[in-house]
Amino acid sequence: MNSPLDSRLGDAMRDASSRAAGRNQGNRPGATVASASTLRNTAGASMNGPRTTGGAGLNAPPAIEVRGLLKRYGSAVVHEDLDFEVQHGEVISLVGGSGAGKTVLVRQILGLEAPTAGTIRVLGHDLSKVSGRDARLIRARSGMLFQRGALFSAMSVFDNIAQPIRELGHVPPDLLHDLVMLKIEMVGLSTRHATKMPAALSGGMIKRVGIARAIALEPELLFLDEPTAGLDPQASEEFVDLIASLRRALDLTVVMVTHDLDTMTSLSTRVAVLADRKIIINAPLETVAGIDHPFIHEYFLGARGRRALQALPPERRARLPDAALAPVPADIAR
């Protein structure tokens, strides 16, 4: 069932398209109205085909496939014999202890670091075998929200969001304007904020502008680094609803690094646990909670973990291990 936010997203996308069409017909007779999908497919067309979606079929390759990954810095081994797979349309939460290598894994999937050994395939392409140009095109089919937004402090909201579009090459100013305003509206902000500088924004607004920039090219993959960190409970809940609605509207595949159990239970289709230098399980949350491992016991079966698990819908809660259903002390904060 679509939420009110889904309806608002649909309205924003239709309004922006109407504005673009009206301007096009009034000022450039006979021209074709380009769209965000045109820009998005600029990358896809150069990489053996257009955007791959969740409807690609049961035999479609995974969106992300990591096999036998080894990552070493000198004598320090971060990942060893690591396997990881993400199917199209999934929301995977990547969890692990501090220093487990979650960010390092994401950087390798994005092609920002090379593995010591092993294979990483993204959207069907082996990253070790693509040219530098094609690697950049693959990255253009991915969006990234950094933990603190990572906006360019000397650039306005508009210019921050426009940056990845401008990097594609020349984009007509009218089209660029409409695309940026559409993204601002899609993340629940008023377009009057377009001229503001990051220093004038609240923490929640910075996150939303960061998401708008991450989806500027309507990517297939979206990576989120602690998306609700630093937000109060209400803002966190609203941001979770936004991510869920954007995933549905844009048919996104999402990999999310998070420590927030409430965010994890609300969004995840599966949870991947990184421990002992590898992914020890990548499964639905209720299955993960039943695995006998020290990190899982501490993280998922402690009081706060149990509180989050017990908030799952009844049909999922029924599949939890008995240890996850133990009573939670009343003084445990949300």
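The values are calculated or read from the model by the stated rules, or taken from the named source; none is laboratory data. Computed from a prediction, not measured in an experiment: that's the story for all the values here. Cβ sites come from the backbone with ideal geometry, for glycine too, and all protein chains shown count toward neighbours. Quick note on the areas: whole protein, heavy atoms, side chains included, nothing else; ligands and nucleic acids left out. Shrake-Rupley method; radii C 1.70, N 1.55, O 1.52, S 1.80 Å.
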Quiz item: Scanning for something charged (D, E, K, R) and assigned to a helix (DSSP H, G or I), does segment 223-231 turn up at least one residue?
Solution: no
Quiz item: In segment 96-128, what residues are assigned to a loop (DSSP other than H, G, I, E, B), under 23 Å from Asp251 (Cα atoms) and either polar (S, T, N, Q) or in contact with a Ser or Thr (Cβ under 8 Å, 6 or more places away or on another chain) (or both)?
Solution: Leu110, Leu123, Gly124
Self-check item: Unique match (being open to solvent by 20 Å² or more (accessible area, probe 1.4 Å) and among the small types (Gly, Ala, Ser)) among Ala249, Ala272, Ala214
Solution: Ala249
Quiz item: Quick one: which of Leu231, Leu224 is touching a residue at least 24 places away in the same chain (Cβ under 8 Å) and either open to solvent by 10 Å² or more (accessible area, probe 1.4 Å) or farther than 23 Å from Ser98 by Cα (or both)?
Solution: Leu231
Quiz prompt | Residue satisfying all of: in segment 306-320; surrounded by fewer than 17 Cβ atoms within 10 Å (Cβ to Cβ) and assigned to a loop (DSSP other than H, G, I, E, B); farthest from the chain's Cα centre (by Cα) among these | solution = Ala318
Quiz item: How many residues does segment 186-239 contain that are among the aliphatic types (A, V, I, L, M) and within 12 Å of the chain's Cα centre (by Cα)?
Solution: 7
Quiz item: Looking at segment 287-305, is at least one residue touching a residue at least 24 places away in the same chain (Cβ under 8 Å), part of a loop (DSSP other than H, G, I, E, B) and open to solvent by 40 Å² or more (accessible area, probe 1.4 Å)?
Solution: yes
Exercise. Taking Ala100 as the residue in question, decide whether it is open to solvent by less than 50 Å² (accessible area, probe 1.4 Å), out of contact with any Pro (no Cβ under 9 Å at 6 or more places or on another chain) and modelled with pLDDT of 90 or more.
Key: yes
Self-check item: Checking Ser93 against (1) open to solvent by 20 Å² or more (accessible area, probe 1.4 Å); (2) outside any loop (DSSP other than H, G, I, E, B); (3) hydroxyl-bearing (Ser, Thr, Tyr), the condition it does not meet
Solution: (1)
Quiz item: What tally of residues in segment 248-280 results from selecting those that are within 21 Å of Ala326 (Cβ to Cβ) and either part of a helix (DSSP H, G or I) or without any contact (Cβ under 8 Å) to a residue 60 or more places away in the chain (or both)?
Solution: 4
Quiz prompt | Qualifying residue in segment 35-47 (condition: at pLDDT below 95, of a type in the set (Val, Ile, Thr) and under 30 Å from Pro172 (Cβ atoms)) | solution = yes
Quiz item: Does segment 182-205 include one or more residues that are under 27 Å from Gln108 (Cβ atoms), open to solvent by 20 Å² or more (accessible area, probe 1.4 Å) and not charged (D, E, K, R)?
Solution: no
Self-check item: Check on Ala150, open to solvent by 50 Å² or more (accessible area, probe 1.4 Å) and without any contact (Cβ under 8 Å) to a residue 24 or more places away in the chain
Solution: no
